Amino acid sequence: MDPPFTATQLPQAPPVAVFKLTADFREDTHAQKVNLGVGAYRTDDCLPWVLPVVKKVEKMIVEDSSLNHEYLPILGLPELRSAASKVALGDDSPAIKDGRVGAVQALGGTGALRIGAEFLRRWYNGTNNTATPVYVSAPTWENHNAVFSDAGFKDIRPYHYWDGAKKGLDVTGIMDDLENAPEHSIFVLHACAHNPTGTDPTPDEWKTIAEVMKRRKLFVFFDSAYQGFASGSLDKDAWAIRYFVSEGFELLCAQSFSKNFGLYNERVGNLTVVAQDKDNLTRVLSQMEKIVRTTWSNPPSQGARIVAITLNNPDLFIEWKGNVKTMADRVLLMRDQLKAKLIALGTPGTWDHITQQIGMFSFTGLNPKQVQYMIKEKHVYLMASGRINMCGLTSKNIDYVAESIHETVSKVQ
C-alpha cells in the first residue's frame, strides 16, 4: 500500500491570492512601497486599530469574576445571537416580534456562510439536492464559490453584476439572470459595500430585484460583512436586508463582526435565520445545531462576549457606532482625495466611480497588465482584478499612489 501522503496523491494547493500578495509585499525591499491588497482597516499611520470601545469591554470582561470558560450552548452565546439579529433587521422588526427570527453564532462570516450552505444543501429544494443552482455575482469574494462548492453544491453559476465599460452596476444583466434562473435557485447577495467592486444597487433597484426574486421563487442568502462600515450608518447599510424581510422573504443572512468591530482574529460571526413561522424556525435551528455539532461543536466566547456586551449596553452601543463612523469617514475621505488627485493630474479616463463606490474596497478599473506594472514598476500592491483597499491609502502615500496610477494608465493600455 502506498503511503497516504505521497507527492503524487497530494498536489500542492495554490496560495490564497490576498495572502500571497501580502507575502510578496513583505519581501519587497524597495524604499517606496504601498500595500493596497490587505483586507483589513488601517489608520492614517497604516496601522491596525483596536477600537476604543473594544478595549473598554475587554477590561470589563477581565474584571468580571462571574465569567468562566465553560462551554457555550452549541448554537452560541444567546446574547450575541439575539443582538446581532436586531442589528441586521432593526429593533422594530415585525419578524423578530413574531418570533420567527433565530440565529447561530459562527466562526466569522465565513463560518456563517458555511453553516447556511450546509443546511441548504441538506434540506432546501428537496433532501440533499446538490444540483440546486447557486448564483454568485461576477465578480465576487473568492471564498463564495469555494464555500458552496465544499458544502456539496455542484452547480455554482455567476450572475452579471459589474459593467466594466461604464464602471458601474450591470442592472440589465442582473435582471436577465434573475428572470432566467431556474425556480428555487439560491442567490448570494452582498448586503452592502459589494466585495470587490464597492458598487451597490440603489433602493429602487433593490426593490426591483426583490420583486423578481419573489415572483420567480428564488432563495435569498445575504452576506453582510460591512454593516455600518460602508456608509457610517447601521440602518442605511442594512436597508436591503430589512426590505426583503418586509416583503415576506424567508432568508438567511451571514453577518461578520470582523470589520465593524476590528475583531479579525476573534472570528465573531452570526447566521440570522428568518423563517416562515415559529414552528419552521424551531425545526431549522434544530438541524443547524446538528451541523454545528460536527463542524466546530462549540463556538468561542471571547469575541462573542465583546460584541454581545457592546450591542446590549446602550452607552457602549452609541460609542461603538461612533468608532465605526470614524473608520467609515476615513475611507470616504480617501476616496474623495484619490479622485481629486487623479483629476488634477489629468489622468486619462473617468474617475467618478471611485466616489460612487462605497466601503473598504474600490474596483479601480485597472486591467491585469496595468496591475502588473503597478506592482513591478511602482511597488504598489493590489489584487489582479484591480481591487484596492482604500484603507491602505494614507495622507503620506496618497500622492505617490495617484501619481503611480497616472503613470500606469498613461503608459500601459
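The values are calculated or read from the model by the stated rules, or taken from the named source; none is laboratory data. Since the structure is predicted, the reported quantities are computational estimates derived from the model, not experimental observations. Please note: Cβ atoms are built from the backbone with ideal geometry, for glycine as well, and neighbour counts cover all protein chains shown. For accessibility, only protein heavy atoms count, side chains too; no ligands or nucleic acids. Shrake-Rupley method; radii C 1.70, N 1.55, O 1.52, S 1.80 Å.
Here are a few things to note about the model shown:
- Neighbours by Cβ (under 9 Å, 6+ apart or cross-chain): first from segment 211-233, closer than 24 Å to PHE119 by Cβ and in a strand (DSSP E or B); second aromatic (Phe, Trp, Tyr) and open to solvent by less than 10 Å² (accessible area, probe 1.4 Å): PHE219/PHE187; VAL220/PHE187; VAL220/PHE244; PHE221/PHE187; PHE222/PHE244
- Matching residues, segment 250-263, being farther than 18 Å from LEU285 by Cβ and either touching a Phe, Trp or Tyr at 6+ places or on another chain (Cβ under 9 Å) or in a strand (DSSP E or B) (or both): SER256, SER258, LYS259, ASN260, PHE261, GLY262, LEU263
- Of all residues in segment 225-259 being out of contact with any helix residue (DSSP H, G or I) (no Cβ under 6 Å at 6 or more places or on another chain) and small (Gly, Ala, Ser), the one that is modelled with the lowest pLDDT: SER233
- Counting only helices (runs of 4 or more DSSP H) wholly contained in segment 305-413, the ones carrying 2 or more residues that are at pLDDT 95 or above occupy 314-345, 368-378, 398-411.
- Output for segment 97-114, where each listed residue is among the hydrophobic types (A, V, I, L, M, F, W, C) and open to solvent by 50 Å² or more (accessible area, probe 1.4 Å): LEU107
- For ILE156: the one exception among (1) open to solvent by less than 60 Å² (accessible area, probe 1.4 Å); (2) closer than 21 Å to LYS278 by Cβ; (3) out of contact with any Gly (no Cβ under 7 Å at 6 or more places or on another chain): (2)
- Here GLN356 meets each of (1) touching a strand residue (DSSP E or B) at 6+ places or on another chain (Cβ under 8 Å); (2) open to solvent by less than 50 Å² (accessible area, probe 1.4 Å); (3) under 17 Å from GLY232 (Cβ atoms); (4) not aromatic (Phe, Trp, Tyr) with one exception, condition (2).
- Residues considered: SER301, SER297. Of these, the only one that is within 30 Å of PRO73 (Cβ to Cβ), outside the structural domain of VAL38 (by the TED database), crowded, with 20+ Cβ neighbours inside 10 Å and over 20 Å from the mean Cα position of the chain (by Cα) is SER301.
- The set of residues in segment 235-285 that are open to solvent by 30 Å² or more (accessible area, probe 1.4 Å) and among the small types (Gly, Ala, Ser) comprises SER246, GLY248.
- Residue in segment 61-84 that is in contact with a Phe, Trp or Tyr (Cβ under 8 Å, 6 or more places away or on another chain), open to solvent by less than 90 Å² (accessible area, probe 1.4 Å), assigned by the TED database to the domain that holds TRP239 and among the aliphatic types (A, V, I, L, M) present: yes
- Segment 248-269 residues that are β-branched (Val, Ile, Thr), paired with ones that are surrounded by 21 or more Cβ atoms within 10 Å (Cβ to Cβ) (beta carbon under 6 Å, 6 or more apart): VAL268/PHE257; VAL268/GLY303; VAL268/ALA304; VAL268/VAL307
- Hits in segment 105-131 (condition: in contact with an Asp or Glu (Cβ under 7 Å, 6 or more places away or on another chain) and either over 29 Å from GLY262 (Cβ atoms) or part of a strand (DSSP E or B) (or both)): ALA131
- With respect to the stated conditions, ILE156 fails to be farther than 21 Å from ALA181 by Cα, touching a helix residue (DSSP H, G or I) at 6+ places or on another chain (Cβ under 8 Å) and of a type in the set (Val, Ile, Thr).
- Just one of (1) open to solvent by less than 70 Å² (accessible area, probe 1.4 Å); (2) over 19 Å from the mean Cα position of the chain (by Cα) fails for VAL87. It is (2).
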